[in-house]
Amino acid sequence: MTAQKPRTKITQQDVARLAGVSVAAVSLVLGGKGRISPEGVERIYQAIDQLGYRLPATPSVAPFTRTGILLSPDCAFAAGLLPELSCALQQTGFTLIPGYADTSTLLEHAAQLLAQDVRGIFVCGKLLNAQPDTLKALHARATARHVALTGVGTHFHTGPLATIHPDNALAAHMATDALLQQQHLNIGYLGGENHSLVRAERLGGLSLALGKAGLAFSASLSQPCAATFDDSFRAVTQLIKQSPKISAILCDNPTVLLAAHHALAEGLQTSRWRLFSRRIALAGFGECEHSLKLALPLVATRHTEMATRAVECLHAQLAGESLLPDDPRLKVSPAFLASA
């Protein structure tokens with residue numbers, strides 16, 4: 001397949017010629033109808049990607065109300081978002097069609113949604129870690145059919161999909177400010193993997209808040225760990241032993257927060273370590289009713305807020321607006337949570 005010279009207007013005939021198929025086959029694929037071999041469908045989409053073809057925009061007598069979401073079955077973030085997004089869409093007249101995929105089958109499942117004439121597609125959570133070429137191809141295919149395409153994730157993404165995400169840096173800044181007001185000057189960070197972008201964004205917010213207070217953050221006050229209770233329990237003990245002056249800890253997620261709470265409570269009760277003979281303040285990130293019932297402070301962007309913003313961005317795109325990765329509408333602010 002060879003590249004064609006740019007033209008003022010790309011037609012279905014150009015797509016058919018480059019893909020080596022009939023114009024009827026191109027029309028059937030774009031309309032989500034007919035029986036075309038998978039190889040033929042792939043050649044057509046490759047031609048669309050290469051040429052930058054888009055269907056002519058035509059007014060609809062009755063607007064379609066279907067929207068798709070692509071998500072990984074083992075993504076906790078996606079599982080929490082799904083019911084809230086479905087509810088938010090229903091309130092504006094849309095129905096949500098879920099498609100479960102992994103990064104290697106993302107385009108295949110996206111094609112199935114496109115064949116159902118969806119008005120928009122949300123790519124959620126772990127699937128945003130697909131190869132850039134895969135996401136670019138998905139973007140081109142959605143654009144060709146005037147389908148709104150938006151990512152919904154746990155952190156900022158540079159592209160190619162504009163992605164709705166929590167303001168993790170602001171969340172850490174808010175939590176740090178609250179601890180500083182309580183006269184905590186040695187604030188640590190517990191949890192998250194070393195490669196976690198969520199963790200990196202929060203450490204940036206923590207450092208910024210400390211800097212504004214004339215304090216410097218030390219890497220020795222940060223302890224990464226897996227998001228399991230046992231690993232977190234061991235990690236908090238290690239963090240306190242290596243940083244005995246620490247007076248407060250920001251916990252990466254509710255599991256880490258609960259483990260730290262139990263580790264500190266156990267240390268106070270048994271007095272096995274002198275390090276645990278003083279109170280250490282805790283604050284965490286994420287939604288967890290159990291933590292709130294224990295009066296443990298939480299800062300989070302609720303799934304309901306993420307879903308509401310996703311619907312707003314969908315409507316903006318359907319109205320002809322473009323969303324770039326740095327659009328301020330994509331960043332959702334956090335808040336301190338209260339028990340229901």
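The values are calculated or read from the model by the stated rules, or taken from the named source; none is laboratory data. Computed from a predicted model, the values in this text were never measured in an experiment. Note that each Cβ is placed from the backbone with ideal geometry, even for glycine, and that neighbours are counted across all protein chains shown.
For the reader, a short list of remarks on this structure follows.
- Taken as a whole, segment 162-171 holds at least one residue that is within 30 Å of S104 (Cα to Cα), in a loop (DSSP other than H, G, I, E, B) and under 16 Å from the mean Cα position of the chain (by Cα).
- Among the residues of segment 187-199, just one is touching a strand residue (DSSP E or B) at 6+ places or on another chain (Cβ under 9 Å) and either over 27 Å from D231 (Cα atoms) or surrounded by fewer than 17 Cβ atoms within 10 Å (Cβ to Cβ) (or both), namely E193.
- Members of segment 207-255 found to be among the aliphatic types (A, V, I, L, M) and free of Cβ contacts under 8 Å to residues at least 40 places away in the same chain, listed by number: L208, A209, L210, A213, L215, A216, A219, L221, A226, A227
- Listed by first and then second residue, the pairs linking a residue in segment 4-28 that is farther than 21 Å from A111 by Cα and of a type in the set (A, V, I, L, M, F, W, C) to a residue that is modelled with pLDDT under 80 and not in a loop (DSSP other than H, G, I, E, B), with Cβ atoms under 6 Å apart and 6 or more places separating them unless they lie on different chains, are I10/L51.
- Number of the exception - N129 against (1) free of Cβ contacts under 8 Å to residues at least 40 places away in the same chain; (2) touching a strand residue (DSSP E or B) at 6+ places or on another chain (Cβ under 9 Å): (2)
- The set of residues from segment 96-129 being in a loop (DSSP other than H, G, I, E, B) and surrounded by fewer than 18 Cβ atoms within 10 Å (Cβ to Cβ) comprises D102, T103, S104, T105, A115, Q116, D117.
- Any hit, segment 195-218, residues being outside any loop (DSSP other than H, G, I, E, B) and farther than 30 Å from L264 by Cβ: no
- Residues in segment 146-159 include none that are of a type outside the set (V, I, T), outside any loop (DSSP other than H, G, I, E, B) and surrounded by fewer than 21 Cβ atoms within 10 Å (Cβ to Cβ).
- Subset of segment 1-41 [loosely packed, with under 10 Cβ neighbours inside 10 Å and modelled with pLDDT of 70 or more]: K9, E39
- When A115 is tested against (1) under 22 Å from Q50 (Cβ atoms); (2) modelled with pLDDT of 95 or more, exactly one condition is not met: (2).
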